[in-house]
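Peer 1: Quick one: the structure is below, and I'll ask about it shortly.
The values are calculated or read from the model by the stated rules, or taken from the named source; none is laboratory data. Model, not experiment: these values are computed from the prediction. We place every Cβ from the backbone using ideal geometry, glycine too, and count neighbours over all the protein chains shown. Accessible surface is based on the protein model in full, side chains and every heavy atom, while ligands, DNA and RNA are left aside. Shrake-Rupley method; radii C 1.70, N 1.55, O 1.52, S 1.80 Å.
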Amino acid sequence: MLPWVVRRTRLPLLSLRCADCGAASATTGDGRFRVNANGKLLDVWLLVRCVSCDRTIKLTVHERMPVGSFDPAALHGYHTNDPDLVASRLMDPLLARRNRFALDWTGAWRLDAPPPPPLDEAWPLQVEVAFEEPVPVRPGRLIAHGLGLSRSEVLRRIKCDISLRRPTIAGFTFTVTAGN
Ligand SMILES: [Zn+2]
């Protein structure tokens, strides 16, 4: 079984309409939270910037949450702009739903794939794809890219239990049959 790993290379951009200039892309930049105390209740936002006009857009992470209900490590992370916390909050589907944005993974990931063995050994070849981060990729495209195959070759030579067309963020395996 040949191991392939999909890895994040940077944070994805956000597809999010700017109220000022109408551009549809925002970035977390270095990653900043804002924490605002209101009595014993806290609001936490993740601050992102429009890539076109630099306007700051506040994404609600927590709204009027009792201070005591925060995990102390997370609260510390919000105050210190912990990069891992920025990444995990940004990729939390709940945050995206609540603030109505989608992640734009273009150019923000790579595939680490060892070279396939020579043609006469170990074919048909089995490949196991693992995701280090939830990067949505179309299996067919990923396989074509990873093996240097055309789309018609992928359709002819790949056996896979999941749809080759539908984007997935879950690991999967596939089999490549020899070309001829
Ligand atoms: Zn803007």
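Peer 1: Among the residues of the stretch 1-20, write down those that are open to solvent by less than 50 Å² (accessible area, probe 1.4 Å) and not in a strand (DSSP E or B).
Peer 2: 11, 12, 16, 18
Peer 1: Please go through the stretch 138-174 and give me each residue that is in contact (Cβ under 8 Å) with a residue 60 or more places away in the chain and either of a type in the set (Gly, Ala, Ser) or touching a His at 6+ places or on another chain (Cβ under 9 Å) (or both), ordered by number. Walk me through how you get there before you give the answer.
Peer 2: Initially, the stretch 138-174 is screened for residues in contact (Cβ under 8 Å) with a residue 60 or more places away in the chain, giving 142, 146, 173.
146, the sole residue that qualifies.
Peer 1: Next up: Please name all residue pairs, on different chains or six or more residues apart, with Cβ atoms under 9 Å, provided the first residue is in the stretch 7-27 and is among the hydroxyl-bearing types (Ser, Thr, Tyr) and the second residue is within 16 Å of the ligand (Cβ to nearest atom) and in a loop (DSSP other than H, G, I, E, B).
Peer 2: So the pair list comes out as 15/24; 15/101; 25/16; 25/18; 25/51; 25/52; 27/51.
Peer 1: Considering only residues that are in a loop (DSSP other than H, G, I, E, B), within 16 Å of the ligand (Cβ to nearest atom) and either on the phi > 0 side of the Ramachandran plot or among the small types (Gly, Ala, Ser) (or both), which ones fall in the stretch 21-51?
Peer 2: Here is the first cut: in the stretch 21-51, the residues in a loop (DSSP other than H, G, I, E, B) are 21-24, 39-40, 51.
With within 16 Å of the ligand (Cβ to nearest atom) added as a condition, the list becomes 21-24, 51.
Residues satisfying the conditions are 22, 23, 24.
Peer 1: Looking at 149, 103, 85, which is the one that is surrounded by 17 or more Cβ atoms within 10 Å (Cβ to Cβ) and either among the aromatic types (Phe, Trp, Tyr) or assigned to a loop (DSSP other than H, G, I, E, B) (or both)? Can you show your working first?
Peer 2: Details: 103 fails: either among the aromatic types (Phe, Trp, Tyr) or assigned to a loop (DSSP other than H, G, I, E, B) (or both); 85 fails: either among the aromatic types (Phe, Trp, Tyr) or assigned to a loop (DSSP other than H, G, I, E, B) (or both).
From the options 149, 103, 85, the qualifying one is 149.
Peer 1: Starting from the stretch 54-72, keep only residues that are open to solvent by 70 Å² or more (accessible area, probe 1.4 Å), then list their pairs with residues that are among the acidic types (Asp, Glu) whose Cβ atoms are within a distance under 9 Å, requiring at least 6 positions of separation or different chains.
Peer 2: Here the result reads 55/20; 63/43; 64/43, each pair linking the stretch 54-72 to a residue that is among the acidic types (Asp, Glu).
Peer 1: Name the one entry in 89, 49, 55, 34 that is closer than 23 Å to residue 132 by Cα and of a type in the set (Lys, Arg). Explain how you work it out, then say what you get.
Peer 2: Working: 49 fails: closer than 23 Å to residue 132 by Cα; 55 fails: closer than 23 Å to residue 132 by Cα; 34 fails: closer than 23 Å to residue 132 by Cα.
Residue meeting the stated conditions: 89.
Peer 1: Just one of the numbered conditions (1) open to solvent by 30 Å² or more (accessible area, probe 1.4 Å); (2) basic (Lys, Arg); (3) farther than 30 Å from residue 63 by Cβ is not true of residue 157; which one?
Peer 2: The failed condition is (1).
Peer 1: As an exercise: evaluate residue 103 against (1) within 16 Å of the ligand (Cβ to nearest atom); (2) touching a residue at least 24 places away in the same chain (Cβ under 8 Å) and give the number of the one condition it does not meet.
Peer 2: (1) is the only condition that residue 103 fails.
Peer 1: Could you tell me which of the residues 92, 82, 54 is more than 22 Å from the chain's Cα centre (by Cα) and either of a type in the set (Asp, Glu) or within 16 Å of the ligand (Cβ to nearest atom) (or both)? Step through it out loud before you land on a result.
Peer 2: Values: 92 fails: more than 22 Å from the chain's Cα centre (by Cα); 82 fails: more than 22 Å from the chain's Cα centre (by Cα).
Within the list 92, 82, 54, the selection yields 54.
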